[in-house]
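See structure below.
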Amino acid sequence: MIGCGWGLVYGVLNSLSNIMLLPSAPFISIRPQIALPMAVGILLNPPAGFVVGFIGNMIGDGISGFGIWKFWNWHLANGLMGFIPGLIRYFGIVKIGTVREFGILQMSVVLASGIAVAFAVLLDVCFLHHMTFPSSFPSWILPAFLTDAVNGFVLVPVILLAFRKILLTLEIRTICLVTILLLLAVFSTAVSITLSILDDLVSQEAVIENFYIAGIVSVFLLVVGFLASVVFVRRFTDPVIRMSRASQEVESGHYDLSLLDPVSSRNDELGRLSRVLQKMAKTVQERERSLRQQVQDLQIKIDRKRKDEEVREIVETDYFRELKKKAKAFRSS
Amino acid sequence: MAKIIAIHSFRGGTGKSNTTANLACLLAREGYRVGMVDTDIQSPGIHVLFDLDTNDIPYALNDYLWGKCDIARAAYDVTKTLGADATGRLFLVPSSIRAGDIARVLHYGYDVTLLKEGYRQLIRQLPLDYLFIDTHPGINEETLMSIATTDVLLIILRPDQQDYQGTAVTVEVSRQLEVPEMYIVLNKVPVRVDREALAAKAVSAYDCPVVGVLPHDEDMLDLGSSGIFSLRYPDHIISREMRRIVQRLTP
C-alpha cells in the first residue's frame, strides 16, 4: 500500500520530468526522482521498492501520453531499480555508519541502474523492437543509465540521511565530504562540456568565451569546495586537539577535563572517546585521592619531645609519686 | 581472682562507653559475673545503653563517693539486656546525671582513693569475675587512680593525629604505673584503611599489642547510644572484632 502511494508520487514526478529531456537523447529525461524507489527499497523492503518503480513508471507514461503498456520493459527496469538496492539489508546492512557500508550502498545504486537498463534493453531486443542496436546506444541506453546512476548516487544518501538510516559518524562525514568534492569536480567538468555543446563553436571568440566561463565556474567551485573543507577539517581536528590537550592535563596531574565537554556531547566516535577519557580521568582521580588518604591515615606521627614534656608534667607531681608507690599494693590486695 | 579492666581514651567521643558496654555484655553472655562502673562523673553516658534512667534510681556512684551509701547499693542488675539465654550476670554502677550532682563533683571533687575501695567491695559483694571501669577521657587524678588500680588497661583511640599523640602520653604514664596488661583498640577506622597495616603501625609506634581494629560503620551510628551493637548484629565485623578482644581478656 505504501509502495503504491509512493508509486503515485513517483509517477507524477516522472510525468513532470518527461519534459526535461537530456540533450541529444530524445526519449530520456533528467530524473532526480529515481532516488525515490531506491530509497523506498532500502527503507522498507525490496518488493516495496519494486512496486514504487513499476507503478510509478506506468503512471508517468500514462500521464505523458506514451500509453500505459507501450514501454512495459521500462516498468520492469524501474521496478528493478527499486528492488536491487533494497537487497543490501541481506548483506547485514541495517544502518549505514562505516565507509564499507556506505560503499556497498552506493555500489548497489549504480549496479541497480546498470542491471535495470541492460534488462530493459534485452527485453526490447527480444520482444518489442523499439530500438535498434547498437544505434540506440547513445540515445537510449547510455543516457538512461547515466541519469539513473548519478541521481541515485547523489540523492539516495540525502534521503537516507533525512530518515536517519545513515549515521553521521566520523567515517561517514569524511566519505561524504570526499564525495561532495568529487561531485563538484565532475559538475564543473560537466558545466564546461555542456557550454561547449550548447554553442556551435564556430568562431574562435566562442571558444575563448567558453574557456573563460569554464574557468570562472572552476574557480567558484574551488573556493566553495575549499571553504567547505576548512569548516569540516576544523570540526574534525578541534576535538582531536582538545583530547590531546586533555591527555597532557591528565599527565601533569590535572583531572578536570571540562575542556572536553563540547566534544563529549558529539554523537560520533570522537564523542564516545571523549566521554571515556573524562570517565577514566575521574576514576584515576578518585583512586589517587583514596590512595593518598590511605597513606595519610596509616601514618602515626608522634612528637616525642612534646610527649616527654607532657609525661613529665604528670609524673613529677606529688600525687603521681604517691600513687606509684601505692599502685603495687592496690593490685595485690 | 577477679580482674579489673579499665577502658580509657585520651579524648572524648572515641566510643569508650560503647566499647565498655559491648565487651561487658559479651563476657556476661559467656557465663561470667560482670560489673561496670561509670567513673565519667562529669559526663556520664553508659546507662543510656542499658535503658537505665538515673532519675528513677535511688543511688548512683556519686552517693557512694559522698559516703551516702554502700557501693553495692548503687549497683543495678542489667542482665535482662543480654537476652533470655544468657547464663552470666551483668551489673552497672551508673553516675548521676542530676545537674546538681555533677556540679558538686566539679566544684568540690571527691576522694579518689574511695574509687579503689569501691571496686574491691563490688568484686567481693556481688561477687564479680570481671569489673569494667569506664573512665573519664584525658588524664586527671581520677583516671590515674583507675590506671593504678586496674589489672588490664584498654586504650581506645581513633586514627587521627591528636589521638595518636595523646595515646603516646597515656601509654608512657601507664607503664610508669606498671599496669600488668595494656592493650590498644583502634576505633572508628575509615573503611578504606587497611586495618592490618594500621594495627602493625600502632604496635611499632607504642610497643603495645593492638587487640582490635574496629571499622567506622553507619549501622553503629544508626543504633546510636541505644542498645548493644554486638548483641543486635552478632555477625557484623565490629561484633567479631569485639569477640576477639574478649578472647584476649579471658583465660
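FYI, it's all coordinate maths here, none of it is from the lab. As the structure is a prediction and not an experimental result, all values here were calculated from the model. Note that each Cβ is placed from the backbone with ideal geometry, even for glycine, and that neighbours are counted across all protein chains shown.
Before moving on, here are some points about what is shown:
- Candidates B:Thr143, A:Ala214, A:Ser258 compared by Cα position along the dipole of the protein assembly as shown: farthest toward the positive end lies B:Thr143, with charges placed on Cβ.
- Chain A, relative contact order [Cα under 8 Å, separation at least 6], %: 13 percent
- The HN-Hα couplings worked out from phi for the range B:153-159 by the Karplus form 6.51 cos²θ - 1.76 cosθ + 1.60 (θ = phi - 60°) are 10, 9, 9, 9, 9, 9, x Hz, whole numbers, x standing for Gly and Pro.
- Separation of alpha-carbon centers, the range A:213-273 and the range B:77-112, rounded to whole Å: 75 Å
- Magnitude of the charge dipole, chain A, Cβ model with Lys/Arg +1 and Asp/Glu -1, debye to 20: 2500 debye
- Percentage relative contact order, the range A:1-167, counting C-alpha pairs under 8 Å, at least six apart: 27 percent
- Rg and Dmax of the range A:290-332, both derived from C-alpha coordinates alone, stand at 17.9, 50 Å.
- Shielding by partners for peptide A:313-320, expressed as the average number of C-beta atoms from other protein chains within 10 Å of each residue's C-beta, is 4.
- Rounded to the nearest 10 degrees, the angle from helix B:113-125 to the longest Cα principal axis of chain B is 90 degrees.
- In the elastic network of chain B, a GNM with C-alpha springs shorter than 10 Å, the most mobile of B:Asn22, B:Asn62, B:Asn140 is B:Asn140.
- For the range A:85-101 versus the range A:30-53, the gap between their alpha-carbon centres in whole angstrom: 16 Å
- Averaging over all projection directions, the Cα-based convex hull of the protein assembly as shown occupies 46.7 nm² in the image plane.
- Rel. contact order, % - alpha carbon contacts under 8 angstrom, at least six apart, chain B: 27 percent
- If only the Cβ of Lys and Arg carry +1 and only the Cβ of Asp and Glu carry -1, the dipole of the range A:168-310 around its Cα centre is close to 1060 debye.
- Nonlocal amide H pairs with B:Lys3, under 5 Å, H built at 1.01 Å: B:Tyr130, B:Leu131
- Built amide H within the under 5 Å cut-off of B:Leu90, gap 5+: B:Val34, B:Val78, B:Thr79
- Residues B:Val173, A:Val250, A:Val224 in ascending order of nearby Cβ atoms (within 10 Å, fewest first): A:Val224, A:Val250, B:Val173.
- Averaged over A:293-304, number of beta-carbon atoms from partner chains that fall within 10 Å: 6
- For chain A, the longest principal axis of the alpha carbon atoms and the long axis of helix A:99-123 meet at an angle near 20°.
- For the protein assembly as shown, the Cβ-based charge dipole about the Cα centre amounts to some 800 debye (Lys, Arg positive; Asp, Glu negative; other atoms uncharged).
- Across the range B:240-251, computed HN-Hα scalar couplings (Karplus, 6.51 cos²θ - 1.76 cosθ + 1.60, θ = phi - 60°) run 5, 5, 4, 5, 5, 5, 4, 4, 5, 8, 9, x Hz from first to last residue, x flagging Gly and Pro.
- Dipole axis of the protein assembly as shown (+1 Lys, Arg; -1 Asp, Glu on Cβ), positive-most option in B:Leu92, A:Leu111, B:Ile41: B:Leu92
- Remark: A:Ser244, B:Ser146, A:Ser64, B:Ser239 ranked as A:Ser244, A:Ser64, B:Ser239, B:Ser146, counting other beta-carbon atoms within 10 Å and listing the fewest first.
- Residue-span extension gain [A:Asp261 to A:Gln204] - 0.36 nm each, minus C-alpha spacing: 14.4 nm
- When A:Val99, A:Val295 are sorted by how many other C-beta atoms sit within 10 angstrom of their C-beta, beginning with the fewest, the order is A:Val295, A:Val99.
- Degrees between helix A:304-315 axis and first principal axis of chain A (Cα, 0 to 90, nearest 10): 40 degrees
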